Amino acid sequence: MLRVWIGACILALSGCAVGGNLRPIVIEGEQYAELSAVQGDFLLTVNQNRLRNSVPAVVRDTRLDRAALAHASDMSTVGFFSHRGSSGSNVLQRVKMTGYDACFAAENIANTWPSEAAVLAAWLGSAGHRANILNPKARAFGLAQDGDTWVMVLAAPCR
């Protein structure tokens, strides 16, 4: 039996809600030469859904990729599934540890989905996860996978 786990989280602070065919793309001022066609499709699908709902597009940010990967790796290595890290960290703390000065952070987590397309479809089909993806406060996102564990972090800077 295949078990699939997904979770969503939003944090608030002081009034703010807290392989394959490669193509180069500039994201938040960094050359992201490793962005595959599949990853580009993920970004496109996220932004198509946001624009259909009158929400501004987001960009991919490598700092948020690092925050997502740190949490995915923590869950995968230690063997748990939660928005709280094994050290007690929350998504906003993990985002800030990458140097991203966030006043808004939201997180979607999932386990055992076979691909980026499948995990995105699951998140878009879940009210809480969809709300995170469509949150108008989000300006950027990061995505990571470690083993069967997926993490998407959405954030916006304080400025």
Give me a count of the residues in the stretch 53-63 that are open to solvent by less than 30 Å² (accessible area, probe 1.4 Å) and either farther than 28 Å from D41 by Cβ or touching an Asp or Glu at 6+ places or on another chain (Cβ under 9 Å) (or both). 3
For L92, are the conditions met, namely being closer than 22 Å to G147 by Cβ and either part of a helix (DSSP H, G or I) or more than 11 Å from the chain's Cα centre (by Cα) (or both)? no
Taking into account only those residues within the stretch 135-147 that are farther than 27 Å from F80 by Cα and either of a type in the set (K, R) or open to solvent by less than 40 Å² (accessible area, probe 1.4 Å) (or both), which is farthest from the chain's Cα centre (by Cα)? K137
Checking the structure you have, find out if any residue of the stretch 93-103 is touching a Cys at 6+ places or on another chain (Cβ under 9 Å) and either among the β-branched types (V, I, T) or more than 15 Å from P157 (Cβ to Cβ) (or both). no
The one condition in (1) within 15 Å of P157 (Cβ to Cβ); (2) open to solvent by less than 10 Å² (accessible area, probe 1.4 Å) that M75 fails to fulfil: (1)
Pairs only if they're at least six apart or on different chains, beta carbon under 7 angstrom, first in the stretch 116-131 and β-branched (V, I, T), second outside any helix (DSSP H, G or I) and open to solvent by 60 Å² or more (accessible area, probe 1.4 Å); list them, first residue then second. V119/W113
Matching residues in the stretch 95-118 (part of a helix (DSSP H, G or I), modelled with pLDDT of 95 or more and either in contact with a helix residue (DSSP H, G or I) (Cβ under 7 Å, 6 or more places away or on another chain) or of a type outside the set (D, E, K, R) (or both)) number 2
Quick one: what pairs do we get from the stretch 55-68, first residue over 14 Å from E107 (Cα atoms), second of a type in the set (K, R) and modelled with pLDDT of 95 or more, C-beta under 8 Å, 6+ apart or different chains? P56/R50; P56/R139; A57/R50; V58/R50; V58/R139; V59/R139
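The values are calculated or read from the model by the stated rules, or taken from the named source; none is laboratory data. Predicted model only: the values in this text are computed from it and were never measured. Don't worry about glycine lacking a Cβ; one is built from the backbone with ideal geometry, like all the others, and counts go over all protein chains shown. Side chains are part of the model used for accessible areas, which takes the heavy atoms of the whole protein and leaves out ligands, DNA and RNA. Shrake-Rupley method; radii C 1.70, N 1.55, O 1.52, S 1.80 Å.
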